[in-house]
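Just below is one structure, and these are the notes that go with it.
The values are calculated or read from the model by the stated rules, or taken from the named source; none is laboratory data. All values derive from a computational prediction rather than experimental measurement. Glycine gets a Cβ as well: all are built from the backbone with ideal geometry, and neighbour counts include every protein chain shown. Only protein heavy atoms, including side chains, enter the accessible area calculation; ligands, DNA and RNA are left aside. Shrake-Rupley method; radii C 1.70, N 1.55, O 1.52, S 1.80 Å.
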Amino acid sequence: IACIFIFGILWSLKQVAPELLDEARLILNLGTVREGERVFYKGVPWKVDSLNFLCSLTNDSLEGGSILVRAKDMMNHQSRPMAKNEALFPTKKGHWITLKDGSFGEIILQTPDQVLLKTLGGSQIYYQTPQFLSLFPENLSHGYFIEVTLRLDYQLQKKVLDLLTFFKQGFDESLNSSDIFQGHIKELMVEFKAQGEHAFELWIRVDADGLMASERFTLERLIHKTFIELCNEKEITIPLEQLKIHGRPYS
């Protein structure tokens, strides 16, 4: 009976020992997860503060950004050293962002579980934090740019290159005299882009300060409004899209 009992214990240890050994390595900071490094846990990035039977993970960019995880649950993860000045989350509360699904708004809450986005109209969109990260947020609060293609009639072929200076000066004056954007335009570029199918195309790019992130669409509308005003000043006709119809002659 004693032999059978001892054999049972040894057989159980055979099954459990490898897992216990891996857990011991983790706790001793010898496993695939190390203290002070960055690790992804349930789709969210964390800094490993300490390793024990209960491991401490923190993320200072999240409200309530501190959790305890069993060592057993960390064994299938891998950490890596953090780069210098590497952020643990792409956004902070108060930042303005756009998402791959087309959403645009201000971050008013971000926790390990959810991110709350407030749109211009005041509506609020809830995202699970891993889902939010999967939508590749673009943070506009560090600065952003507006890129627009505008069209000029082919009748201006002899003047189109000379008009680039006129349009650049006009856009510069309009944007920098605006009550909203005065002092917040970092760079303005007006260049010839291409010979389109029905018109010449001009390429306009405006780089704006991140403080004006909430006015992104206002800036885009102002660019189009200024273009019409400048065309009216020079009595330039803005070409329309043309529709070609192909068919057999009627007989």
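Give the long-range amide H neighbours of GLU37: residues separated by 5 or more places, or on another chain, with amide H under 5 Å away, using H modelled in the peptide plane at 1.01 Å from N.
Hits under the 5 Å cutoff: VAL48.
Per 10 Å bin, what is the whole-percent P(r) computed from every C-alpha pair distance within region 140-251?
Bins of 10 Å from zero give 13, 42, 26, 12, 5, 2, 0 percent of pairs.
How big is the equivalent ellipsoid of region 84-152 along its three axes, where each semi-axis is √(5λ) from the Cα gyration tensor, reported in whole Å from largest to smallest?
Semi-axes, largest first: 23, 16, 11 Å.
Set Lys and Arg Cβ to +1 and Asp and Glu Cβ to -1, take the dipole of region 77-152 about its Cα centre, and tell me which of GLY105, VAL115, PRO81 lies farthest positive.
PRO81
Residues with amide H under 5 Å of HIS95's amide H, sequence separation 5 or more or different chain, H placed in the peptide plane at 1.01 Å from N; which?
Residues meeting the amide H criterion: ILE107.
With +1 on the Cβ of every Lys and Arg and -1 on the Cβ of every Asp and Glu, and nothing else charged, how large is the dipole of the chain about its Cα centre, in debye rounded to the nearest 20?
Numbers: 27 positive and 32 negative charges, 156 e Å.
Here the size comes out at about 740 debye.
Can you give me the distance in nm between label points at ASP49 and LYS93, each placed 7 Å from the Cα along the Cα-to-Cβ direction?
Distance between the two pseudo-spin positions: 1.8 nm.
Please give the per residue accessible area of region 59-145, computed with a probe of 1.4 Å over protein heavy atoms only, in Å². Before the final figure, lay out each step's value.
Details: 4930 Å² over 87 residues.
Solvent-accessible surface per residue comes out at 57 Å².
Evaluate the distance, in nm, between pseudo-label points positioned 7 Å from the Cα of PHE192 and of ILE1 along their respective Cα→Cβ axes.
Result: 10.2 nm between the two label points.
Restricting things to alpha carbons, tell me how big the chain is in terms of Rg and Dmax, in Å.
Expressed in Å, the Cα Rg and Dmax of the chain come to 29.6, 108.
If you build a Gaussian network model of the chain, linking Cα atoms that sit under 10 Å apart, which residue out of SER214, SER61, SER177 swings the most?
Highest fluctuation among the options: SER177.
Quote the FRET efficiency, to the nearest 0.05, computed for GLU63 versus LEU28 with a Förster distance R0 of 45 Å and r equal to the Cβ-Cβ distance. The partial results should precede the final answer.
Numbers: r = 32 Å, r/R0 = 0.72.
My answer for the efficiency is 0.90.
From the backbone phi of region 94-109, what are the Karplus-calculated ³J(HN,Hα) couplings (6.51 cos²θ - 1.76 cosθ + 1.60, θ = phi - 60°) in whole Hz, Gly and Pro given as x?
Result, rounded to whole Hz: x, 6, 9, 9, 10, 10, 4, 7, x, 5, 9, x, 9, 6, 10, 7.
Pop the C-beta distance of GLU138 and ASN85 into the FRET formula with R0 = 30 Å and round what comes out to the nearest 0.05.
Details: r = 20 Å, r/R0 = 0.66.
FRET efficiency, GLU138 to ASN85: 0.95.
Write down the accessible area per residue of region 180-245 in Å², having rolled a 1.4 Å probe over the full set of protein chains. Numbers along the way, then the final one.
Working: 4110 Å² over 66 residues.
With the other protein chains kept in place, region 180-245 gives 62 Å² per residue.
What's the Kirkwood radius of region 49-104 in Å, using all Cα pairs?
After inverting the pairwise mean of 1/r, the radius is 13.9 Å.
At a temperature of 25 °C and a viscosity of 0.890 mPa s, determine how fast region 57-174 diffuses translationally according to Stokes-Einstein, using the Kirkwood radius over alpha-carbon pairs as Rh; express D in µm²/s, rounded to the nearest whole number. Don't jump to the answer; show the numbers that get you there.
Working: Rh = 18.2 Å.
It comes out at roughly 135 µm²/s.
Please report, in whole Å³, the volume per residue of the convex hull around the C-alpha atoms of region 120-181. Spell out each step's value before the answer.
Numbers: hull volume 11.0 nm³, N = 62.
Convex hull volume per residue, Cα atoms: 178 Å³.
Arranged from highest to lowest average of other beta-carbon atoms within 10 Å per residue, in what order do the peptides 150-156, 230-236, 23-29 appear? Walk me through the numbers before you get to the answer.
Working: 150-156: 17.0, 230-236: 13.4, 23-29: 15.0.
Descending mean neighbour count gives 150-156, 23-29, 230-236.
With a length cut of 15 Å (Cα positions projected on each helix's long axis) and a Kyte-Doolittle mean of at least 0.5, go through the chain and give me the DSSP H helices that pass. Can you show the working numbers first?
Working: long enough: 2-27 (35 Å, 1.10); 160-176 (24 Å, 0.26); 216-233 (26 Å, -0.17).
The qualifying helices are 2-27.
Carbon and sulfur atoms: what percent of the 1.4 Å accessible area of region 114-251 do they account for?
Carbon and sulfur together cover 48 percent of it.
Can you figure out the FRET efficiency of ILE180 with ILE228, using R₀ = 22 Å and their beta-carbon distance, to the nearest 0.05? List each step's numbers first, then the result.
On the way: r = 18 Å, r/R0 = 0.84.
Calculated value: 0.75.
Which whole-Hz couplings ³J(HN,Hα) result when phi for each residue of region 127-136 is put into the Karplus expression 6.51 cos²θ - 1.76 cosθ + 1.60, θ = phi - 60°, listed in order with x for Gly and Pro?
Going residue by residue, I get 10, 5, 4, x, 5, 4, 5, 6, 8, 6 Hz, with x marking Gly and Pro.
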